[in-house]
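The numbers here are math on the coordinates, done by the rules we state, and not lab data. Just so we're clear, the structure is a prediction, and the values are computed from it rather than from any experiment. So basically every Cβ, Gly included, is an ideal-geometry build from the backbone, and we count neighbours across all protein chains shown.
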Amino acid sequence: MTLALRVRPILVPLGSFGLLLLGLAVWQLCSGLTFVIPSVPDTIDAVFSSLGDPDYLHDLRATFTRVLLACAIGVTVGVILGVALGYSPRVRAAVEPLIVAMNSVPKIILYPLLLPIFKVGMTSQVIMGVIHAVFPMLIMVTGAVAHMPTTYRKLGRALGASQLQVLTRITLPAVRRSILTGTRLGVSLATIGVILAEFFTTEDGLGRVMKQAYQFAQYERLMASVLLLLLFCFLVSFAVWNLERRLPE
Amino acid sequence: MSGIAIDNVGMEFTGTNGAPLVALDGIEQRIEDGSFVSIVGPSGCGKSTLLAIVSGLQRPTGGSVTIGDRVVTKPDPRIGVIFQEDSTLPWRTVLGNVKFGMAIAGASKEHQEEQARKMIELVGLEGFEDAYPAKLSGGMRQRVAIARTLALEPEVLLMDEPFGALDPQTRLMIGAEVRRIWQRTGTTVMFVTHDIQEALMLSQEIWVMSYRPGRILDCVEVSLPEDRGLESVGGHDFAELQSRIWEHIRGEVTRGMERSRA
Amino acid sequence: MPDDVIAPRLQPAEVVEAEAEAAASTGEQTLPRKEDAPPTHGRAARGARRRDAGPPPALATAGILVALLLLWIAGSALELWSSNVLPPPADVGSALVELVQTGTFWQAVRITVTEIVAVFAAALVIGFGLGMLFWKAPYLGRVCEPYLVSFYAVPFIVFYPTMVVIIGLNSWPIIVLATVMATIPMTLNTWIGLAGVSHVFWKLAAVLGCGRRQTIFRIAIPAAAPIVLAGVRLALIYSLIGSVSMEFLLAPNGLGYQIRYQYELFHQNEMVAYVLVVFMLAGLLAITIAAMEGWVLGRRRSS
């Protein structure tokens, strides 16, 4: 059964927007039921007041910086290792089960092992973000390179291209979709990694703010921070998704 | 076993720009019970659409099709269909695949087993009962599809370019197989192909179809001997029939190319 | 003219990733065969396959693990790092042996495993149901699609503190949130899997006279199985990751909690022991998934 969309196309984004409104309505309703959930207007207030607070902005910037660093490093490492593994089937066959197993481990539990080495601070949190972000990229790029049509490689040989040229002109463009998707996943995972690390060791950053808000029952601030975080992840994901869609494939 | 009556069948679609697209125009034909008819024509002429209508997968916008004494309104196991694409179920063995149609129809386990093994033997796949389709070649998979369809003892057999995805050598071999099976079972066969030689090797009658809107330009009776082997291909009769059909098609192909360029 | 099949326009990364993994996880590499199918059973066939592939990859993987262990032993002995960073394996081993004899350990294991099972079961049922729903009701699917797809990006875990305040400090907020996290890939994969079933299978169902239920259960679902199973695998992974991560942050008990607790008590040996236990659990799950996929999908793969 192939199922067609039997309504006018404009009704789809309208419907999605309607769903959003419905969600907000439910939120507002729930906030009436318990004091723990702040109402929508209160939360929006908190968002703006937080954004006006220089201390908050400092925390925001700290988290942002870590996330971007973690993402950049994670993406780069993931691509490099992914291409390397993609080229060597023997190594890949041996290492792949380990990578898959690592992918299913909650990586935050490694944080206490990192701390004695790097001490509390930017480095350890960024590394945590990197560890979170690198795996999806690694898996995707490895798979993409490994399944690249052999005609591509033959083309490179036929044209007499050097190793570097093959890499930059054939391999990387061929797997750019995987790289983009890996980046998209990498950003959100880097965010999770950094935030979780900040939850654990409270120095500065959005994670610390949230933990503090939780401990001091400042629920508006907590929700506002959650919202900002979700918005950031959503927007980055959406932007990269659009890039992916524009790829001619 | 039944004959097929195609009564003034027409098919009109709305094209992508909203304008009506006439795929078939007033097809009026008869296929006698037990005969083997091929339809040839250029790509896009509507022969697959005609077959879809005869099978019940597509409702015509005009006219009707009658098989035996029943008007065709929807697909039915009594109307056997072999598709061009591989339709074997990858999660079932060859035996499991051949039994599948019967299992859906609710046949008894004993009947399924017996009939399936008979069909597997008929299509020449003995020894492969427990193999999975992933391990079979394209030609073998089509034979599985044929076995599965024939296991239901359909009244007619409709084949839509069934060997289109196979290489030329396999096509010749499996074509000969299909003819042998037809001679053994006597099922009415409607066979769609774009390969004139194939049609000549297999059928008793060939309908030549025009480019859109699809009409039957000519019904060619294939006067080649019953047991035509590969030697016929070079023969005089064969060449005559082939050029007659090719003349029609050449014109249609040119028309088609001009149309799509326009 | 065929209708458009409605499916999420985005192929979730994980679907592609899981397909690649699935393709690699059989481990066997064989040369393509050009002639018609040779005998598919028998020692001769198996032997031929193995000879083509070289030593089984599982051996190489085990080899890597052994090498890592040796590195750990050597590094600790040579004091390449202080025992604060990573205690020697002997100490961790004996700590583990002692832990296994305590009730607290098994209680933690039981709690974590219960959470994982609960989340996984819920995600399977809800995810599959929603996936089918979105497939059968394309408008609903399209409307929800942007949210579903973006939720991959959203760290649901940030809702955890709020959930704890609402529900309480026990396993329930963990189960609820982790279920949400695990349901999304299951839903998406079920939807994509069903929508991606080859057109020829629908035609086949029609010409064989299949009823509605027969079409769905005997053709559509088996045909969609590879992609749906990738969703199952992701659901299981998120069950584990979600549960343990949340326990680690804030929880009365569980393996994640124990890791944090031991860390705060400066019990390095016990902490690393618990970390190893979580790794073993993850490995166990990975093996289970691989076995399941191999069993369901193995026969479909061309050798």
Checklist line | Ellipticity estimate at 222 nm from DSSP helix runs (n ≥ 4, -39,500 (n - 2.57)) divided over chain B, nearest 500 | finding: -12500 deg cm²/dmol
Margin query: One quarter of the convex hull surface, Cα atoms only: what value does that give for the protein assembly as shown in nm²?
Written below: 41.2
Margin query: What lysines does A:LYS107 reach when the alpha-carbon gap must be under 26 Å and sequence neighbours fewer than 8 apart in one chain are set aside?
Written below: A:LYS119, A:LYS211
Margin query: For C:THR114, C:THR102, which order do you get if you count the other beta carbons within 10 Å of each Cβ and list the fewest first?
Written below: C:THR102, C:THR114
Checklist line | 5 angstrom amide H check on B:PHE191, placed H, neighbours 5+ away | finding: B:VAL37, B:SER38, B:ILE39, B:MET159
Notebook entry, point to check: B:VAL22: net charge of surrounding residues, Cβ under 14 Å, Lys/Arg +1, Asp/Glu -1, itself excluded?
Noted result: +1
Checklist line | Under 12 Å, Cβ to Cβ, from A:GLY15 - net charge with Lys/Arg +1 and Asp/Glu -1 | finding: +1
Notebook entry, point to check: Say R0 is 56 Å: what FRET efficiency, to the nearest 0.05, do A:LYS119 and C:HIS199 get from their beta-carbon distance?
Noted result: 0.40
Next item on the list: Report, for the protein assembly as shown, the % of DSSP beta bridges that are antiparallel, rounded to 5.
Entry: 50
Next item on the list: Could you give me the radius of gyration and the Dmax of the stretch C:90-300, taking only the C-alpha atoms into account and expressing both in angstrom?
Entry: 20.5, 69
Next item on the list: Among C:GLY168, C:ALA224, C:SER239, pick out the residue whose Cα is farthest towards the positive end of the charge dipole of the stretch C:148-278, where Lys and Arg carry +1 and Asp and Glu carry -1 on C-beta, about the Cα centre.
Entry: C:ALA224
Next item on the list: Report the extension gain between A:ALA217 and A:ASP45 in nm, rounded to one decimal, defined as 0.36 nm multiplied by the number of residues separating them, less their alpha carbon distance.
Entry: 60.3 nm
Notebook entry, point to check: Short version: ³J(HN,Hα) in whole Hz for each residue of the stretch B:162-177, in order, from phi by Karplus 6.51 cos²θ - 1.76 cosθ + 1.60 (θ = phi - 60°), x for Gly and Pro, what are they?
Noted result: x, 9, x, 8, 9, 6, x, 5, 4, 4, 4, 5, 6, x, 4, 4
Checklist line | Qualifying trypsin sites (Lys or Arg not before Pro) for the stretch A:1-98 [loop in DSSP, other Cβ within 10 Å: at most 15] | finding: A:ARG6
Check: Under the definition of Cα pairs under 8 Å and six or more residues apart, what whole-number percent is the relative contact order of the stretch A:41-246?
Finding: 31
Next item on the list: Collect residues whose amide H, placed 1.01 Å from N in the peptide plane, falls under 5 Å from the amide H of B:ALA23; neighbours closer than 5 in sequence don't count.
Entry: B:MET11, B:GLU12, B:PHE13
Notebook entry, point to check: Which entries in B:LYS74/C:LYS203; B:LYS118/C:LYS203; B:LYS47/C:LYS136; B:LYS47/C:LYS203; B:LYS99/C:LYS136; C:LYS136/C:LYS203 show an alpha-carbon gap greater than 21 Å?
Noted result: B:LYS118/C:LYS203; B:LYS47/C:LYS136; B:LYS99/C:LYS136
Check: In whole Hz, what ³J(HN,Hα) sequence does the stretch B:126-135 give by Karplus (6.51, -1.76, 1.60; θ = phi - 60°), x for Gly and Pro?
Finding: 4, x, 9, 3, 9, 7, 9, x, 4, 8
Notebook entry, point to check: To the nearest 0.05, what FRET efficiency results for C:TRP106 and C:LEU276 with a Förster distance of 22 Å applied to their C-beta separation?
Noted result: 0.90
Notebook entry, point to check: If you take the Cα atoms of the stretch A:76-118, find Rg, then find the Kirkwood Rh from the mean of 1/r over all pairs, what is Rg/Rh?
Noted result: 1.10
Checklist line | Using a Förster distance of 30 Å, the FRET efficiency for B:THR61-C:VAL125 (Cβ separation, nearest 0.05) | finding: 0.10
Next item on the list: Name the shape class, rounded, prolate or oblate, that the alpha-carbon gyration tensor gives for the stretch A:41-246, where a ≥ b ≥ c are the square roots of its eigenvalues, rounded holds for a/c under 1.5, and otherwise prolate holds if a/b is larger than b/c and oblate otherwise.
Entry: prolate
Next item on the list: Report the equivalent ellipsoid semi-axes for the stretch C:193-303 in whole Å, largest first, defined as the square roots of five times the eigenvalues of the gyration tensor built from alpha carbon atoms.
Entry: 44, 15, 8
Next item on the list: Note the full-extension length gain between B:GLN242 and B:ALA165 as 0.36 nm times their separation in residues minus their Cα-Cα distance, in nm to one decimal.
Entry: 25.5 nm
Next item on the list: Equivalent ellipsoid semi-axes for the stretch A:8-114, as square roots of 5 times the alpha carbon gyration tensor eigenvalues: give them largest first, rounded to whole Å.
Entry: 41, 24, 16
Item checked: For the stretch B:44-56, Karplus couplings with θ = phi - 60° (6.51, -1.76, 1.60), whole Hz, Gly/Pro x -> x, 7, x, 5, 5, 5, 4, 5, 4, 5, 4, 7, x
Margin query: Check which residues have an amide H placed less than 5 Å from B:VAL222's amide H, if you skip close sequence neighbours.
Written below: B:GLU205, B:ILE206
Check: So, counting K/R as plus one and D/E as minus one, what does the shell of residues with Cβ under 9 Å around A:MET210 add up to?
Finding: +2
Checklist line | Unit charges at the beta carbon, dipole of the stretch C:90-300: most positive-side option, C:ALA251, C:THR215, C:PHE151 | finding: C:THR215
